[in-house]
Amino acid sequence: MKVLAGDIGGTNARLALVEVTETTTRILHEHRYPSASAPGLAPIVRRYLAEVPAAPERACYGIAGPIVNGECRTPNLPWTVSAQALAADTGIACTTIINDFDAAGHGVGRLAPSDLVTLQEGAPLEHGAIALIGAGTGLGEGFLTWDGTRYRVHPSEGGHVNFAARNDVEWGLRGTLMDEYGHVSYERLLSGAGLARIYRYLAVTGFAPERDELPREMEREDPAAVVTRHALAGDDPLAVKALDVFVSVFGSQAGNLALTVLATGGLYLAGGIAPRIVDKLRDGSFIAAFRNKGRLSDLAARIPVCVIMSPDVGLLGAAAAATR
């Protein structure tokens, strides 16, 4: 069956024509659009449909945001997306919308071993719950549970829960962000913009002198990309510290999620940031924070942790969900 699948984030909207069988998922045609280039999803879908020979009969879009009664108000875009209205606007009657990490959950089982990098082998239990967390434009979370026949996917908005500081740097960050935003969620730190916020906080509080060239680079490029590049190169103390803080908070919240859903089947890191910093994630700091759970540290050490390196997991999952 050929379906239209979408992976719709705050930065990019990826649309693809996908061939789905019981055992395989193959992307036949794909295009990426800047999400902010349109006032909503329907114009982007219509633009894409003009590029393919014939519109498929089914479509499913994984969207970064909560889905309630077939409608989504996206937190990182000024959109309201309704499945019913989208079906009417695009001419695809069988149209569904799901949370982007709902889509990733449907896609996990369709990944190849080469799509994964293991951070912790653990000791997985057959049919154990599986957790998903990923940072990008925002912070997504989700989980899967076994129903006796197959895994069922459950979306979550856990990225928006209150950030819990663990040390002096994080308490300072929390206070600064509280003054600016009122509510401080994990997404305020664990996102591209969050990494830039951490860097700015460290610069303002005098952790190390700020080099003149980094602010100039941030004016020309995405600030998070600049911080990441210099942190991985090890040539700027502020950038290195910012990524250290980011990875430690990421590991801690990943561990929180793993314990919350008792992810004995494993935890997967999705999203756009993890693959870019996979070498940093492998240095042990992420797993140290993941395992640091007091009396349940031994349990956390038994949970497998992998990074999803494939950028297609959301598309594959949305395509699989479209056929159900």
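The values are calculated or read from the model by the stated rules, or taken from the named source; none is laboratory data. The shown structure was predicted, so the numbers you read here are calculated from the model rather than taken from an experiment. Positions of Cβ are backbone-derived with ideal geometry, glycine not excepted, and every protein chain shown enters the neighbour counts.
In segment 215-238, how many are more than 22 Å from the chain's Cα centre (by Cα) and closer than 15 Å to Ala203 by Cα?
Let us first name the residues in segment 215-238 that are more than 22 Å from the chain's Cα centre (by Cα), namely 215-220, 230, 233-238.
Narrowing further to those that are closer than 15 Å to Ala203 by Cα: 215-216, 218, 230, 236-238.
Residues flagged as more than 22 Å from the chain's Cα centre (by Cα) and closer than 15 Å to Ala203 by Cα within segment 215-238 amount to 7.
State yes or no: is Ala88 assigned to a helix (DSSP H, G or I), among the aliphatic types (A, V, I, L, M) and either surrounded by fewer than 16 Cβ atoms within 10 Å (Cβ to Cβ) or modelled with pLDDT under 95 (or both)?
yes
So, restricting to helices (runs of 4 or more DSSP H) that lie completely within segment 209-324, which ones have at least 2 residues that are in contact with a Pro (Cβ under 9 Å, 6 or more places away or on another chain) and under 23 Å from Asn167 (Cβ atoms)?
Numbers: elements: 213-220, 223-233, 237-260, 273-276, 278-281, 285-291, 297-301, 313-322.
In segment 209-324, the matching helices (runs of 4 or more DSSP H) lie at 237-260.
What are the residue pairs meeting all of these: first residue in segment 252-279, first residue closer than 13 Å to Gly158 by Cβ and in the same structural domain as Ala165 (by TED's automatic domain parsing), second residue assigned to a helix (DSSP H, G or I) and hydroxyl-bearing (Ser, Thr, Tyr), Cβ atoms under 8 Å, and 6 or more apart or on different chains?
Within 8 Å, the pairs are Gln253/Tyr186.
In the set Ala50, Ala55, which member is surrounded by 15 or more Cβ atoms within 10 Å (Cβ to Cβ) and small (Gly, Ala, Ser)?
Numbers: Ala50 fails: surrounded by 15 or more Cβ atoms within 10 Å (Cβ to Cβ).
Sole residue among the options that is surrounded by 15 or more Cβ atoms within 10 Å (Cβ to Cβ) and small (Gly, Ala, Ser): Ala55.
Would segment 177-192 turn up any residue that is small (Gly, Ala, Ser), surrounded by 21 or more Cβ atoms within 10 Å (Cβ to Cβ) and more than 25 Å from Val261 (Cα to Cα)?
Yes, that holds for at least one residue.
Across segment 1-33, which residue is nearest to Val81 (Cα to Cα) among those that are hydroxyl-bearing (Ser, Thr, Tyr) and modelled with pLDDT under 95?
Our first condition is that a residue be hydroxyl-bearing (Ser, Thr, Tyr); within segment 1-33, this holds for 11, 21, 23-25, 33.
When the remaining residues are screened for being modelled with pLDDT under 95, the result is 11, 21, 23-25.
Working: Thr11: 16, Thr21: 28, Thr23: 31, Thr24: 29, Thr25: 26 Å.
Selected residue: Thr11.
Kindly indicate whether Val18 is farther than 18 Å from Pro311 by Cβ, of a type in the set (A, V, I, L, M, F, W, C) and under 22 Å from the mean Cα position of the chain (by Cα). Spell out how you get there, then give the answer.
Values: farther than 18 Å from Pro311 by Cβ: no; of a type in the set (A, V, I, L, M, F, W, C): yes; under 22 Å from the mean Cα position of the chain (by Cα): yes.
So Val18 fails the test.
Do you know which of the residues in segment 136-174 that are free of Cβ contacts under 8 Å to residues at least 24 places away in the same chain and of a type in the set (D, E, K, R) is nearest to Gly107 (Cα to Cα)?
Looking at residues that are free of Cβ contacts under 8 Å to residues at least 24 places away in the same chain and of a type in the set (D, E, K, R), I get Arg152.
Go through segment 13-35 and give me each residue that's crowded, with 17+ Cβ neighbours inside 10 Å and closer than 20 Å to Trp79 by Cα.
The first filter runs over segment 13-35 and keeps only residues crowded, with 17+ Cβ neighbours inside 10 Å, leaving 13-18, 20, 25, 33, 35.
Listed by number, the residues that qualify are Ala13, Arg14, Leu15, Tyr33, Ser35.
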